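This report concerns only the one structure given below.
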Amino acid sequence: MKKQTVLLVAAGGAAAAFVLYTYYTSKSRAAVIPTVIPNDANIYVLEGGGLEVHISAFGATITKLYAPDRDGKKDDIVLGFESLEPYTEGKSPYFGCIVGRVANRIANALFSLDGKEYNLKANNGPNTLHGGLVGWDKVWWDAEYVDHPEGKALRLTYTSPDGEEGFPGTVRATVTYRLTTSGVSSRMSMGSRGNELPPEQPSLVTEMEATTDQATPISMAQHTYWNLGGHHSGTVLDHVLRLVATAYTPVDANLIPTGEIIPTAGTPFDFANRHKIGALIRSTGDADTYGYDHNYVLSAPKKSKGSNGTRLAASVFEPITGRAMDVLTDAPGVQFYTGNFLDGSIEGKNGVQYEKHAGFCLETQGFPNAINNARFPNVVVRPGETYRHTIVHRFYTR
């Protein structure tokens, strides 16, 4: 067999750690990214409410998102590449993509389900990260525009075959992106002076669904790196963040949850009261390892009339441009990640070198390693059931 050395990106949980893997090319170990390009490989564009979103069928990836600042000036507020080649060549640390079939880490690339043990492809040390060597971020999805009462939407579909990356069952997954200015939740966030903001703000709605013909774990996530000052504007440490969570799941040295659920109060992980992302970040680790890469425990969503079952998970504000973003979801957790392993070596759009903390991720999802921890919310989907996950990114200015 031919020996190869491949530089992969291990963006864990939402993390992004560059790891050099040396492995032998074989049918079971090769991380071969599909090279067959669909007939229509163009970027798909959605516009509405002052927003403009560019989406690739490769990885169902958001490559650009333009939003206005307080003076009406639009800028691209997501990290990424100018062309598709870095994505298709495996150079992306999960910029903007859909990850699956299971987001985050599965310890030791192993789990048992219904009395049978499944060995997965390990791609993050001993663990499986974001679906394995070739997760759903590294495949072409079928894409088509579809009609919606509020305008055009983009629907992407992918069929994951039985045994892909070691997972059981054939899974048919769908992701639909759409823009809306209608109310998307019965809950409202607070403006800078404490006044309630109406829910009729321009929003990007992401709806995920999946079905299976065998019992299998499914936990999809949207992995965009955000910088509300503009993707070129430097670090996000002065962004002001509130997380609607009072507990998190601590991790071991391999970034696998210990199984505990710990209150955030009195720790550097407490964002229940909004403050700058950088205010306590150096207290999260030593000089080389500090940064956020943790799953926060969200309250259970409450369905009510006029609500889609989502609730507020996070609010972020960038003081120079005045851009603000709320994240609403029906998922049980949100992984907050601060681009800890970006180091200036990645050249993004417009030649920008993305430095450490150049973006943040708020990945709503099931808990990491939930398939191996009965205390965590269930991620197993069975035949006849439908996995559903909704995320709303709501944009406004202050």
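The values are calculated or read from the model by the stated rules, or taken from the named source; none is laboratory data. Because the structure is predicted, anything quoted here is derived from the model rather than measured. Ideal geometry is used to build each Cβ from the backbone, glycine not excepted, and the neighbour counts take in all protein chains shown. Ligands, DNA and RNA are stripped out before the accessible areas are found, and what is left, the full protein with its side chains, is counted by its heavy atoms. Shrake-Rupley method; radii C 1.70, N 1.55, O 1.52, S 1.80 Å.
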Note: segment 46-98 at 10 °C, 1.306 mPa s; Kirkwood Rh on alpha carbon pairs; Stokes-Einstein D in µm²/s works out to 135 µm²/s
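Please say if segment 252-295 is rounded, prolate or oblate, where rounded means a/c under 1.5 for a ≥ b ≥ c the square roots of the C-alpha gyration tensor eigenvalues, and otherwise the choice is prolate for a/b larger than b/c and oblate otherwise? Display every interim value, and only then the final one.
Values: a/c = 2.37, a/b = 1.18, b/c = 2.01.
Note, shape of segment 252-295 comes out oblate.
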Computed Rg/Rh for segment 79-141 (Cα atoms; Rh = Kirkwood radius) stands at 1.06
In terms of the alpha carbon gyration tensor, root eigenvalues a ≥ b ≥ c, rounded if a/c is under 1.5 and otherwise prolate when a/b exceeds b/c or oblate, segment 282-398 is oblate
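On the accessible surface of segment 216-327, probed at 1.4 Å, how many percent belong to carbon and sulfur atoms? Walk me through the numbers on the way to the answer.
On the way: 2360 of 4350 Å².
About 54 percent, which is the carbon plus sulfur part of the accessible surface.
Nearest 0.05, what FRET efficiency do S299 and H148 give at R0 = 22 Å with Cβ-Cβ as r? All intermediate terms of the calculation are to be shown ahead of the outcome.
Numbers: r = 29 Å, r/R0 = 1.32.
According to the calculation, E is roughly 0.15.
Run the numbers for T289 and K356: contour at 0.36 nm per residue of separation, minus the present Cα-Cα distance, in nm.
Values: separation 67, 0.36 × 67 = 24.12 nm, distance 1.14 nm.
Full extension from T289 to K356 adds 23.0 nm.
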For segment 230-320, shape from the Cα gyration tensor axes a ≥ b ≥ c, cut at a/c of 1.5 then a/b versus b/c, turns out oblate
For the table K121/K152; K91/K276; K152/K356; K152/K349; K121/K276; K91/K116, the rows whose alpha-carbon distance is greater than 32 Å are K121/K152; K152/K356; K121/K276; K91/K116
With R₀ set to 30 angstrom, the calculated FRET efficiency between the beta-carbons of A247 and A215, to the nearest 0.05, is 0.55
Reported to the nearest 10 Å², E165 has, with a 1.4 Å probe, an accessible area equal to 20 Å²
From highest to lowest solvent-accessible area (probe 1.4 Å; ligands, DNA and RNA excluded), R398, R101, R375, R274 read R375, R274, R398, R101
Counting only protein heavy atoms and leaving out ligands, DNA and RNA, the solvent-accessible surface of L113 at a 1.4 Å probe, in Å² to the nearest 10, equals 20 Å²
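If you stretched the chain out fully between Y66 and E200, how much longer would it get, using 0.36 nm times the residue separation minus the C-alpha to C-alpha distance? Don't jump to the answer; show the numbers that get you there.
Working: separation 134, 0.36 × 134 = 48.24 nm, distance 1.85 nm.
Roughly 46.4 nm would be gained on extension.
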